[in-house]
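What follows is a single structure, written as structure tokens, with notes after it.
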Amino acid sequence: MDTLTVATVLKPQGIRGELKIKVYLDDAEDLKNIPAVYIAGQEYALLNVRAAGEFAYIALRGIADRNAAELLRGQDIEALRSDCPPLPEGKYYIGDLEGCKVVTSTGEVIGEVVSVTPARTDIFTVKTAKGEESFAAADGVILDVDLAGKTITVDKKRYREVSV
């Protein structure tokens, strides 16, 4: 089953089992087109979605009260890749970037992407020979993304300016 993490449960909302979630899709409205989600391997039908910026409020079949909703706090919400909206050119799902090799334009290997934290400017964590370092995907840092080759090419000078 090919899934992508599309959100994280933040907290229960109200007493009828609704959940407040942080959405990782570009538009929380896109959740309305996803028929079912998976939390900890369990499938749930999406009954209702109310988008609110980068957050949304959802109702799931089988989650009828606050107590049931509380058990899902902090859990990732996944959806089938085939149910997720197609992305425009130059946009990527985080799950596709994790595991990519990070190299400079001259071919120097920096390391491998272990995680991407969504933000206004996404933060990439890279495992290097010296440990882990992070960099912001600021303008001019990432030159190319080759998902087929699992490689992200960066400008070495800009990378060093923004990495910690």
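No lab work stands behind these numbers, since they all come straight from the coordinates. Bear in mind that the values here come from a model prediction, so they are computed numbers and not experimental data. Neighbour counts run over all protein chains shown; Cβ positions are idealised from the backbone, glycine included.
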**Q.** Among 78-88, 50-60, the order from most to least packed when residues are scored by Cβ within 10 Å on average
**A.** 50-60, 78-88
Q. In nm, what is the difference between 0.36 nm times the number of residues separating Lys127 and Asp155 and their Cα-Cα distance?
A. 8.3 nm
Q.
Translational diffusion coefficient of the chain at 4 °C, 1.567 mPa s, Stokes-Einstein with Kirkwood Rh over Cα pairs, in µm²/s as a whole number.
A. 75
**Q.** Rel. contact order, % - alpha carbon contacts under 8 angstrom, at least six apart, the chain
**A.** 19
Q.
So if I take the centroid of the Cα atoms in region 8-53 and the same for region 105-129, what is the distance between those two points in Å?
A. 28
Q) Roughly how many nanometres apart are two label points built 7 Å out from the Cα toward the Cβ at Arg81 and Ala119? A) 2.8
Q: For region 94-162, calculate the relative contact order in percent as a whole number, restricting contacts to Cα pairs under 8 Å that are 6 or more residues apart.
A: 30
(Q) Would you report the distance distribution of C-alpha pairs in region 94-162 as whole percents per 10 angstrom bin, up to the bin with the largest distance? (A) 22, 64, 14
Q) Taking Lys11 as the anchor, which aspartates and glutamates have their alpha carbon closer than 17 Å to its alpha carbon, excluding any fewer than eight residues away along the same chain? A) Glu54, Asp65, Glu70, Asp76, Glu78
Q: Throw me the Rg/Rh for region 3-83, computed over C-alpha atoms with Kirkwood Rh, two decimals.
A: 0.91
